[in-house]
Amino acid sequence: MKEKRMIGKVIYHILVCGFGIIMIYPLIWMIMSSFKESKTIFTTAGTLIPEHFTFANYATGWKGFAKIGFGTFFQNSFFIAVVATVGTIISSAFVAYGFARCKFPGRKILFVAMLLSMMLPAQVLMIPQYLWYQKLGWVGSYLPLTVPYFFAIQGFFVYLM
């Protein structure tokens, strides 16, 4: 009986490890290919380890494109992430506190509306939001990516709190 359990465990671990390698192989290939010369990435796709290691791809990537460096992209992403996170935390905490502690007329209807808004796919809202931001003159700025988060637009976080 013990031998069957042991064989079953060995087979299970072999299958899990094999599946894990299959799942992580594309990531490993991508990392190792980043050290290959650009012209040889796909011609040597069958080999995982590059013949000649080069860091030129990282230097080229850091320079960016269209005269905008990677540092600018990183700075923009960091700014938007920090501001949106702070806005979401502050506004969601206020709204969640209001739903949890304050008794007011229409509270249940508003809570149900918030739950229903969580069920709407983001794709349904994209075009109306874009048109609204265009009328406000926000297109091409940071405002659509930061300001709405200060108004508890993500019902999940209100519900979570």
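The values are calculated or read from the model by the stated rules, or taken from the named source; none is laboratory data. Values in this document were obtained by computation on a predicted structure and should not be read as measured data. Every residue, glycine as well, gets a Cβ built from its backbone with ideal geometry; the counts of neighbours run over all protein chains shown. With ligands, DNA and RNA removed, areas are computed over all heavy atoms of the protein, side chains included. Shrake-Rupley method; radii C 1.70, N 1.55, O 1.52, S 1.80 Å.
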Q) Could we say that VAL139 is among the aliphatic types (A, V, I, L, M), part of a loop (DSSP other than H, G, I, E, B), within 30 Å of THR72 (Cα to Cα) and out of contact with any Asp or Glu (no Cβ under 9 Å at 6 or more places or on another chain) here? A) yes
Q: Could you check, for the range 96-107, whether at least one of its residues is at pLDDT 90 or above and within 28 Å of the chain's Cα centre (by Cα)?
A: yes
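What residue, of ALA84, ALA59, ALA45, is touching a residue at least 60 places away in the same chain (Cβ under 8 Å) and either more than 30 Å from PHE156 (Cα to Cα) or open to solvent by less than 80 Å² (accessible area, probe 1.4 Å) (or both)?
Values: ALA59 fails: touching a residue at least 60 places away in the same chain (Cβ under 8 Å); ALA45 fails: touching a residue at least 60 places away in the same chain (Cβ under 8 Å).
Going through ALA84, ALA59, ALA45 in turn, the sole match is ALA84.
Please determine, by comparing only the residues of the range 55-103 that are in a loop (DSSP other than H, G, I, E, B) and touching a helix residue (DSSP H, G or I) at 6+ places or on another chain (Cβ under 8 Å), which one is nearest to MET32 (Cα to Cα). Break it down into steps so the answer makes sense when it comes.
Our first condition is that a residue be in a loop (DSSP other than H, G, I, E, B); within the range 55-103, this holds for 55, 64, 66-67, 69, 102-103.
Narrowing further to those that are touching a helix residue (DSSP H, G or I) at 6+ places or on another chain (Cβ under 8 Å): 64, 69.
Numbers: GLY64: 21, GLY69: 23 Å.
Residue satisfying both the conditions and the ranking: GLY64.
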Q: Report yes if some residue within the range 119-135 is surrounded by 10 or more Cβ atoms within 10 Å (Cβ to Cβ), within 29 Å of MET161 (Cβ to Cβ) and touching a residue at least 24 places away in the same chain (Cβ under 8 Å); otherwise report no.
A: no
(Q) I'm checking my understanding of the structure. Among residues of the range 22-42 that are surrounded by 10 or more Cβ atoms within 10 Å (Cβ to Cβ), modelled with pLDDT of 85 or more and of a type in the set (A, V, I, L, M, F, W, C), which one is farthest from GLY71 (Cα to Cα)? (A) ILE24
